[in-house]
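**Q** Before anything else, here's the structure in question.
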Amino acid sequence: MSLRLGDIAPDFNAKTSIGDINFYQYLGDSWGILFSHPADFTPVCTTELGRTAALQQEFEKRNVKVLALSVDGVESHKTWINDINETQHVHVGFPIIADEDKHVAGLYDMIHPNASETFTVRALYIIGPDKKIKLTLTYPASTGRNFVEVLRVIDSLQLTANYSVATPANWVDGEKVIVVPAIKTEDAIVQFPKGVEIVKPYLRYTPQPNK
Ligand code: BEZ
């Protein structure tokens, strides 16, 4: 059965490119991103891991720990990381899980047999500090993910967690946000001192609270 939003992210122990880890210990109190790749030494994956490494400071600013996965082994990962660093001009510092027995892939439903019996699809999970699944994305092997979009989603999730606001279509950091329907307008006016713009009783904007 696949994992759904709000489910507890399963814990696991795994071999990785930086040594053995326990998932929950690795995450600590941080947010987490766990994302899978079809295989080592493949072109799209090489660019994805390169983009993730290039954005490492952005993930750190948001208190997000990153963890990649493919079903190849540790030595293969290490050799591939050298290639990624060389070709993408980065330093891959985050671990890549060597999920040769497909244990983690099974826990997170990362193998979709009608796409491939053997390789993981491009699954991505964002996990909150409470260890609950906050977002899932599933891409086919041939489409590289947009890691700027992943950062945008994290910004939105963290705003919702901290300020009871939602983010509109195409929102980017710094733009006005939406007051969640659960808050009455009279309470919203107190809670959001920068102002509440009432377009309809159910559509109310406020400037981004943490800017
Ligand atoms: C890739 O990561 O480049 C890739 C993997 C499988 C199929 C197509 C592309």
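Where a number appears in this text, it was derived from the coordinates with a stated rule and is not lab data. The shown structure was predicted, so the numbers you read here are calculated from the model rather than taken from an experiment. No Cβ is skipped: glycine too gets one built from the backbone with ideal geometry, and neighbour counts run over all protein chains shown.
**Q** Average the reciprocal distances over every distinct pair of alpha-carbons in the stretch 1-158, invert the result, and give the Kirkwood radius in Å.
**A** 15.4
**Q** So, counting K/R as plus one and D/E as minus one, what does the shell of residues with Cβ under 13 Å around ASN13 add up to?
**A** With Lys, Arg at +1 and Asp, Glu at -1, the net is -3.
**Q** Largest first and in whole Å, give the semi-axes of the stretch 84-130's equivalent ellipsoid, each being the square root of 5 times a Cα gyration tensor eigenvalue.
**A** Working through the eigenvalues yields semi-axes of 23, 17, 11 Å.
**Q** Sticking with this one: Compare the peptides 191-200, 44-53, 115-124, 6-15 by average per-residue count of other Cβ atoms within 10 angstrom and give them in order, highest first.
**A** 44-53, 115-124, 6-15, 191-200
**Q** A further question on this structure: Across the stretch 60-102, how large is the tail of the calculated P(r) beyond 15 Å, expressed as a percent of all Cα pairs?
**A** Beyond 15 Å sits 49 percent of the P(r) for the stretch 60-102.
**Q** Let me ask you something else. What whole-number distance in Å separates the alpha-carbon centres of the stretch 26-88 and the stretch 163-191?
**A** 33
**Q** Also, I was wondering about something else. With respect to the cross-link table entries LYS61/LYS131; LYS132/LYS194; LYS61/LYS211; LYS132/LYS200; LYS61/LYS176, which display a Cα-Cα separation exceeding 24 Å?
**A** From LYS61/LYS131; LYS132/LYS194; LYS61/LYS211; LYS132/LYS200; LYS61/LYS176, over 24 Å: LYS132/LYS194; LYS132/LYS200.
**Q** Hey, could you pull the Cα Rg and Dmax for the stretch 163-206, both in Å?
**A** Using the Cα atoms of the stretch 163-206, the pair Rg, Dmax is 9.7, 28 Å.
**Q** Just to be sure I understand: if I project the alpha-carbon convex hull of the stretch 1-81 onto a plane and average over all orientations, what area do I get in nm²?
**A** So the Cα hull casts an average projection of 6.1 nm².
**Q** Could you work out which residue, out of ILE183, ILE97, ILE33, moves most in a Gaussian network model of the chain, that is, has the largest mean-square fluctuation with Cα springs under 10 Å?
**A** ILE183
**Q** Net charge around THR87, counting only other residues with Cβ within less than 14 Å of its Cβ (Lys, Arg = +1; Asp, Glu = -1)?
**A** -3
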